[in-house]
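Quick notes on the structure that follows.
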């Protein structure tokens, strides 16, 4: 622990580099320098983000203000439009599909990754995280999700997503996004947030240290306290900050810590500070130095700009104006309902007599019909209604959210064709946001894959997942080599609605093609039928059950192992060359594989030129084939032909 006259003790922590664990020492002088650097960065970010944070917190009140004057009426414009868009984008789940980059041989890895990502979707509570992630993107303009930790507990063994509250996150003023473009331009140099943890939560996580030296000190301008106070005020709840200070520091007292991402000597680090940013309690060097472990999502981004456009940006001013207009109109309506009168003082001497009650009589001098006269109000409601509708229409146009999308019956009678056109254009606006969400969703799943590469150890870790088998649900044990490919796979993100439409289109077009192609006797019938099964949505297991592997396919797969080791296998006297060439295309394309494939092609040419040499046989591709020419020395024991030079 640091004192006024003494530097803090050295920190020793583990760093994993190139799959090796080494100890890194941070001296007391280095700790002091790091804390000073972060303090300067924090104060810069705090000042820069202050205005935006205050506006965001004020909008939370406008979204759901339970503290307003009970005699006034609040306009729900922001809430209505926001939840219409939020429901549409959250309900259309973005599906992640893995596609190998190593050719047909990656089919098993693809299926395993698809099964694992579907299984982890529930383990990681991804649906709940998406709700909050989308909500932040739509309300604040940009949502942030951290994906850095890996939960190794039994029954979990999966990455841990955490949605960051944008009102507590302070960023580099220069940054236009978390990780910038492909060259890293516009990426954060530094940024972070304030978090709250109890003493026992710190002890539970082995990444933290110095918990015993944390003091009950909180910054007078704590972002997390400001956020909580504004949200409590909007909900009509009472502040409890003073009562929090009475809790025991080693029981349930919540310490304020600064979790900060920054560069130290050019390397990316996560540093956590306590005691008003004066003491380091966590040091973690980022394993992936190319990017921060935070994925940002934006609904309507502006090029080269962090904040973009949010739904409150488009609706706040209109809701405030409509609310004022609504309450002023209400006052006028109330006054008209109660009545306003002018009376003749010469005839009605006592004003108290105008306080009417049942069966009350007031005496006047002269004709009573001329003693009092009702005042007529102006035609207020006509222009108020027009202004109200103009503001509503402007909101619908800006957000692409027409009234019937909000569940409101149109005032005008419109034809079905008109409604379909409006719905189509509105869906186009929504689909743009869905595609933008798809970009961040792809980043999420790529980071998910990286964490498995980093934390899932060979011959140590295993994961049992439930998959829908061809006949019944089954449990499958996955090891590292079942999910980690030699070349990182691609992840394809599509909305459920778009994906279903594409599948229908692919089934129709491929079905027509397959019907024509199968009429060719030289066509690879098994490949066409297997591909047709995959296009129809069948899993690899279902396709393999429908089309069991032939002897040639099994034989060629065994030969692929030999080819991958840089050796030449023998060629069988009855090998089906088309099948072998197809299967060998999945092997490593080294010199041995290419030579072996060329030899199969040579034998196909020989069969064409000398058909009388080859006895007839049934080919799995359809039609009649023949055995290859006896080239090389026949080995009687295994009926195989030696490769040249063997």
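When each of the peptides 165-173, 225-233 is scored by how many other beta carbons lie within 10 Å of its residues on average, the order from highest to lowest is 165-173, 225-233.
Each peptide in 314-320, 455-461, 292-298 gets a packing score, the mean of other Cβ atoms within 10 Å over its residues, and the list from highest to lowest is 292-298, 314-320, 455-461. Take the Cβ atoms of residue 87 and residue 547, set R0 to 56 Å, and the FRET efficiency comes out at 0.85. Residue separation of residue 536 and residue 564 scaled by 0.36 nm, minus their Cα-Cα distance, works out to 6.8 nm of gained length. Note on residue 507 and residue 39: their simple-model spin labels are 6.6 nm apart, each label 7 Å out from Cα toward Cβ. For segment 230-300, what does the alpha-carbon gyration tensor say about shape, rounded, prolate or oblate, given a ≥ b ≥ c as the root eigenvalues, a/c under 1.5 as rounded, and a/b over b/c as prolate? Note, shape of segment 230-300 comes out oblate.
Between residue 523 and residue 204, the simple spin-label model (points 7 angstrom out along Cα→Cβ) gives 6.1 nm.
With R₀ set to 45 Å, the beta-carbon distance separating residue 288 from residue 69 gives a calculated FRET efficiency near 0.30. Under a point spin-label approximation (7 Å from Cα along Cα-to-Cβ), what is the residue 325-residue 99 distance to one decimal in nm? Between residue 325 and residue 99, the label points sit 4.9 nm apart. Please state the shape class of segment 44-170: rounded when a/c is under 1.5, otherwise prolate if a/b exceeds b/c and oblate if not, all from the C-alpha gyration tensor. Verdict is prolate for segment 44-170.
Between residue 25 and residue 486, the contour length at 0.36 nm per residue exceeds the Cα-Cα span by 162.5 nm. Once the Cα-Cα distance is subtracted from the 0.36 nm per residue extended length, the residue 333 to residue 47 segment shows a gain of 98.3 nm.
No value in this document is a laboratory result; all are computed from the given coordinates. Since we're looking at a predicted model, the values are computed, not measured. Ideal geometry is used to build each Cβ from the backbone, glycine not excepted, and the neighbour counts take in all protein chains shown.
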